[in-house]
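The values are calculated or read from the model by the stated rules, or taken from the named source; none is laboratory data. The structure displayed is predicted, hence computed values, not measured ones. Using ideal geometry, Cβ is built from the backbone for each residue, glycine included, and neighbour counts are taken over all protein chains shown. Just the protein is used for accessible areas: all its heavy atoms, side chains included, with ligands, DNA and RNA removed. Shrake-Rupley method; radii C 1.70, N 1.55, O 1.52, S 1.80 Å.
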Amino acid sequence: MKKILALTLALVLSLGLCACGGSTSGEPAPEETPDNQTETVEIPPVEDLTGVDTSAIPGVEDGVLTVGMECAYAPYNWTQTDDSNGAVPIVNNPGSYANGYDVMIAQRICDTYGWELEIQSIGWEGLIPALQAGTIDAVIAGQSMTAERMEQVDMAGPYFYASIVCVTKADSEQAAAKGISELTGTCTAQTGTIWYDSCLPQIAGAEIMPESETAPAMIMAVASGTVDFICTDMPTALGACATYSDLTILDFTGTEDDFTVDEGEINIGISVLKGNTELKDAIDTVMAPLNADIFNALMNQAIAIQPTI
């Protein structure tokens, strides 16, 4: 039943995310036509740049790209017990494997240059410190490309064009809201995100509760009724609804009663050490041929195989 629901939501994502626009979308939406809504997006093959000498790029001189992520943030990344569906071993958690959209993107980068992919599981707040300490070479973990974050690191990408939504119980009073001005009650979002720091304060009727330490904790807060609604991005919301069928998504995209954010700050990027322009440029070379439709198609694949949150 979960698998059927996940596959159904994957189709919803291909329809809904392609239509994202307005103040909370980092890329203009494709023109909405029947053909556009039903067209299957072809994901291009990985470009072969294995002949390019990358031995002088800081961090990958040994041919290994070490990537940090939470491994607990479906559909971006999660932990599983085997290597099914292309999962990669987590080096600091023997016997466990990482998978998800972030792993798919990281593997695509490594396949392009012939690098080995190494995944480290690191808590959200520890990701940038680990990068700055040289423990990892890059962070691919669903990080928004905010101005504040880019004061600490350089960011390649985007590798996903995000849209901001809310999630609530389908039978709650919030479910009828047509805009953020109609939202009331308690709410939360994940710590260290634009959702908590910038979006929730825009809801005049909201009672903002302490931030959730992780995305699963945020989702559990609304699923358990601890809060009335949460603020997150569309992939995370769809992943939550794939697990909890009594949740619903409130998408105000394209309306006048939506969140206001700086365009680009909600797009998702890849963090590298400040000043490591060589690695940033190498990653951007891989991202350049990919567009929003391709990113959405890859995200669909991740949602279809994600485990229960």
Exercise. State whether one or more residues within region 147-159 are in contact with a helix residue (DSSP H, G or I) (Cβ under 6 Å, 6 or more places away or on another chain) and without any contact (Cβ under 8 Å) to a residue 60 or more places away in the chain.
Key: no
Exercise. Select from region 178-198 the residues that are touching a residue at least 60 places away in the same chain (Cβ under 8 Å) and among the β-branched types (Val, Ile, Thr) and write down the one among them that is surrounded by the fewest Cβ atoms within 10 Å (Cβ to Cβ).
Key: Thr191
Exercise. Can you work out which of the residues in region 257-267 that are at pLDDT below 95 and not polar (S, T, N, Q) is surrounded by the most Cβ atoms within 10 Å (Cβ to Cβ)?
Key: Ile266
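Have a look at Phe252, Phe295 and point out the one that is of a type in the set (Phe, Trp, Tyr), open to solvent by less than 50 Å² (accessible area, probe 1.4 Å) and not in a loop (DSSP other than H, G, I, E, B). Even if it seems obvious, please write down each step before you answer.
Details: Phe252 fails: not in a loop (DSSP other than H, G, I, E, B).
After applying the criteria, what remains is Phe295.
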Quiz item: Taking region 204-222 only, how many residues are touching a strand residue (DSSP E or B) at 6+ places or on another chain (Cβ under 9 Å) and farther than 20 Å from Asp171 by Cα?
Solution: 10
Exercise. Show the residue pairs that are 6+ apart or on different chains and have beta-carbon atoms under 6 Å apart, the first residue being within region 62-91 and more than 19 Å from Met299 (Cα to Cα) and polar (S, T, N, Q), the second being assigned to a strand (DSSP E or B) and modelled with pLDDT of 95 or more.
Key: Thr66/Glu118
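Residue check: is Leu290 closer than 30 Å to Gln107 by Cα, modelled with pLDDT of 95 or more and touching a Pro at 6+ places or on another chain (Cβ under 7 Å)? Spell out how you get there, then give the answer.
Values: closer than 30 Å to Gln107 by Cα: yes; modelled with pLDDT of 95 or more: yes; touching a Pro at 6+ places or on another chain (Cβ under 7 Å): no.
Criteria not met by Leu290.
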Quiz item: Out of region 223-247, which residues are open to solvent by less than 10 Å² (accessible area, probe 1.4 Å), closer than 23 Å to Met69 by Cβ and in contact with a strand residue (DSSP E or B) (Cβ under 8 Å, 6 or more places away or on another chain)?
Solution: Ile230, Cys231, Thr232, Asp233, Pro235, Thr236, Ala237, Leu238, Ala240
Exercise. Mind listing whichever residues of region 208-222 are touching a helix residue (DSSP H, G or I) at 6+ places or on another chain (Cβ under 6 Å) and open to solvent by 40 Å² or more (accessible area, probe 1.4 Å)?
Key: Ile208, Glu211
Exercise. Answer yes if at least one residue in region 252-264 is in contact with a Phe, Trp or Tyr (Cβ under 8 Å, 6 or more places away or on another chain) and under 24 Å from Gly123 (Cβ atoms), and no otherwise.
Key: no
Quiz item: Of all residues in region 268-292, how many are in contact with a helix residue (DSSP H, G or I) (Cβ under 7 Å, 6 or more places away or on another chain), open to solvent by 60 Å² or more (accessible area, probe 1.4 Å) and in a helix (DSSP H, G or I)?
Solution: 0
